[in-house]
Amino acid sequence: MTAFQRLGIVADHVNRHPAMRREVLNIYPNAKFPDKTHRFNEDELIAFLQGCDAAIIGFESVTERVLSALPDLKIISKYGNGCETFDFDAMKRHGVRFGYTWGVNKLAVAELALGFMLMGLRYVMPLNAAMRAGERPGIRNGKFLTGRVVGIHGCGHIGKEVVRLLAPFGCRILACDIKDYADFYKQWNVTPVSFDELAARSEVLTLHLPKTRQTLGLYSRDVLARLQPGCVLVNTCRGGIVDEDALFERLEAGALMAACFDVFAIEPAQNDRLLRHPHMLASPHIGASTEETRLILVRAAISGLTNNRVVEPEEFYGV
């Protein structure tokens, strides 16, 4: 825990949301907010945080250049989940402490993933596209989620929440993770499997991985080709983990029943060929976008200003 004198709020979501601003100002009435509501680049970040010794930062890039230009900055608390824009080696060199709470968006993301599964299995995307185009499509039989084999790649906070939400559906749940969650698996009747078995057996496969050196590009053309025919692939974690060109090819070939993605390699998403595919359900990274979750996130960021530490880079880089 480290005391601080001047707090700067850079997270654009907090800045433009009145209820979240109030949450901060109720505890830190002298907190500094920018006039702008967009995501700051490095130059804007440096200019705004001059003289601040603490900051709440969202998805702005915290780099060696930024930290070198802000010698007074000693505490950063993270708003939201996902830390790929932070250079933790540089933070450790500069002695900047980090406040972060794992899994605060877990229910919001898990609910979205569950909705994606249902829509993918019932052909909601192509049927809706046809109706919006003025067509009157006939009956097209989908599949139950109930009783399906659901694979979960990454059984951390969000993956575990997905397991909990799936309980009423009586699914056979497979999980693949680099960590051993034996007690959880036993409690919820989850079967741990290898990556190869996960790909081969999952009728619905939902991804809940961090974006690290190991996961970037993990779902390559070769891996996608190993997915079970008719699989529904759900990604609500991070863009860049799935090869989007290869995904389009699998959809075009009819090898996948559906792809339901909330995240993309470039955001806002630009791959229109993929986005317009009738078996692609796309949303603009709304996994944590509920009113309830926004307040949970900002409260966690406020807590991180006093509950912080110097982190080891390996915790976030996955090396």
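The values are calculated or read from the model by the stated rules, or taken from the named source; none is laboratory data. All values derive from a computational prediction rather than experimental measurement. Ideal geometry is used to build each Cβ from the backbone, glycine not excepted, and the neighbour counts take in all protein chains shown. Keep in mind that these areas ignore ligands, DNA and RNA; they rest on the heavy atoms of the full protein, side chains included. Shrake-Rupley method; radii C 1.70, N 1.55, O 1.52, S 1.80 Å.
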Quiz item: When the stretch 147-197 is examined, which residues are found to be open to solvent by less than 10 Å² (accessible area, probe 1.4 Å) and on the phi > 0 side of the Ramachandran plot?
Solution: Gly154
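Do you know which residues across the stretch 270-290 are open to solvent by 40 Å² or more (accessible area, probe 1.4 Å) and part of a loop (DSSP other than H, G, I, E, B)? Explain how you work it out, then say what you get.
Pass one, the stretch 270-290, residues open to solvent by 40 Å² or more (accessible area, probe 1.4 Å): 270, 272-273, 275-276, 278, 282, 284-286, 289-290.
Passing the criteria: Gln270, Arg276, Pro278, Pro284, His285, Ile286, Ser289, Thr290.
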Practice problem: Determine the pairs where a residue that is under 13 Å from Ala167 (Cα atoms), located within the stretch 181-198, has a partner that is open to solvent by 60 Å² or more (accessible area, probe 1.4 Å) with Cβ atoms under 8 Å apart, the partner being 6 or more residues away or on another chain. | Solution: Tyr185/Thr191; Tyr185/Pro192; Trp188/Arg164
Self-check item: Output for the stretch 66-77, where each listed residue is open to solvent by 10 Å² or more (accessible area, probe 1.4 Å) and not in a loop (DSSP other than H, G, I, E, B)
Solution: Ser68
Self-check item: Unmet requirement for Asp272, which otherwise passes all of (1) out of contact with any strand residue (DSSP E or B) (no Cβ under 8 Å at 6 or more places or on another chain); (2) more than 30 Å from Glu60 (Cβ to Cβ); (3) not aromatic (Phe, Trp, Tyr)
Solution: (2)
Quiz item: Out of the stretch 291-319, which residues are within 19 Å of the chain's Cα centre (by Cα), among the hydrophobic types (A, V, I, L, M, F, W, C) and open to solvent by 50 Å² or more (accessible area, probe 1.4 Å)?
Solution: Ile296
Quiz item: Taking the stretch 294-317, which residues are in contact with a Leu (Cβ under 9 Å, 6 or more places away or on another chain) and under 15 Å from Gly82 (Cα atoms)?
Solution: none
Quiz prompt | Odd one out for Ala55, checked against (1) open to solvent by 50 Å² or more (accessible area, probe 1.4 Å); (2) of a type outside the set (D, E, K, R); (3) closer than 16 Å to Leu305 by Cα; (4) not in a loop (DSSP other than H, G, I, E, B) | solution = (1)
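Can you tell which of Ala253, Ala259, Ala265 is touching a residue at least 40 places away in the same chain (Cβ under 8 Å), small (Gly, Ala, Ser) and either surrounded by 18 or more Cβ atoms within 10 Å (Cβ to Cβ) or farther than 26 Å from Cys171 by Cβ (or both)?
Testing whether each residue is touching a residue at least 40 places away in the same chain (Cβ under 8 Å), small (Gly, Ala, Ser) and either surrounded by 18 or more Cβ atoms within 10 Å (Cβ to Cβ) or farther than 26 Å from Cys171 by Cβ (or both) leaves just Ala259.
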Practice problem: Tell me which residues, restricted to the stretch 225-241, are open to solvent by less than 10 Å² (accessible area, probe 1.4 Å) and outside any loop (DSSP other than H, G, I, E, B). | Solution: Cys231, Val232, Leu233, Val234, Asn235
Quiz item: Of the residues that make up the stretch 81-92, is at least one within 24 Å of the chain's Cα centre (by Cα), part of a loop (DSSP other than H, G, I, E, B) and at positive phi?
Solution: yes
Quiz item: Which condition number does Arg122 fail, the rest of (1) touching a residue at least 40 places away in the same chain (Cβ under 8 Å); (2) closer than 30 Å to Gly230 by Cα; (3) open to solvent by 10 Å² or more (accessible area, probe 1.4 Å) being met?
Solution: (1)
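For the stretch 151-198: of the residues being part of a helix (DSSP H, G or I) and aromatic (Phe, Trp, Tyr), which is nearest to Thr101 (Cα to Cα)?
Phe184
Restricting attention to the stretch 102-119, report how many residues are open to solvent by less than 60 Å² (accessible area, probe 1.4 Å) and of a type outside the set (A, V, I, L, M). It would help to see each step written out before you state the result.
Taking the stretch 102-119 first, the residues open to solvent by less than 60 Å² (accessible area, probe 1.4 Å) are 103-105, 108-110, 112-117.
After this cut, where a residue has to be of a type outside the set (A, V, I, L, M) as well, the list is 103, 105, 115-116.
Qualifying residue count, the stretch 102-119: 4.
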Quiz item: Which number in (1) modelled with pLDDT under 95; (2) charged (D, E, K, R); (3) over 30 Å from Ile56 (Cα atoms) marks the one condition that Lys211 misses?
Solution: (3)
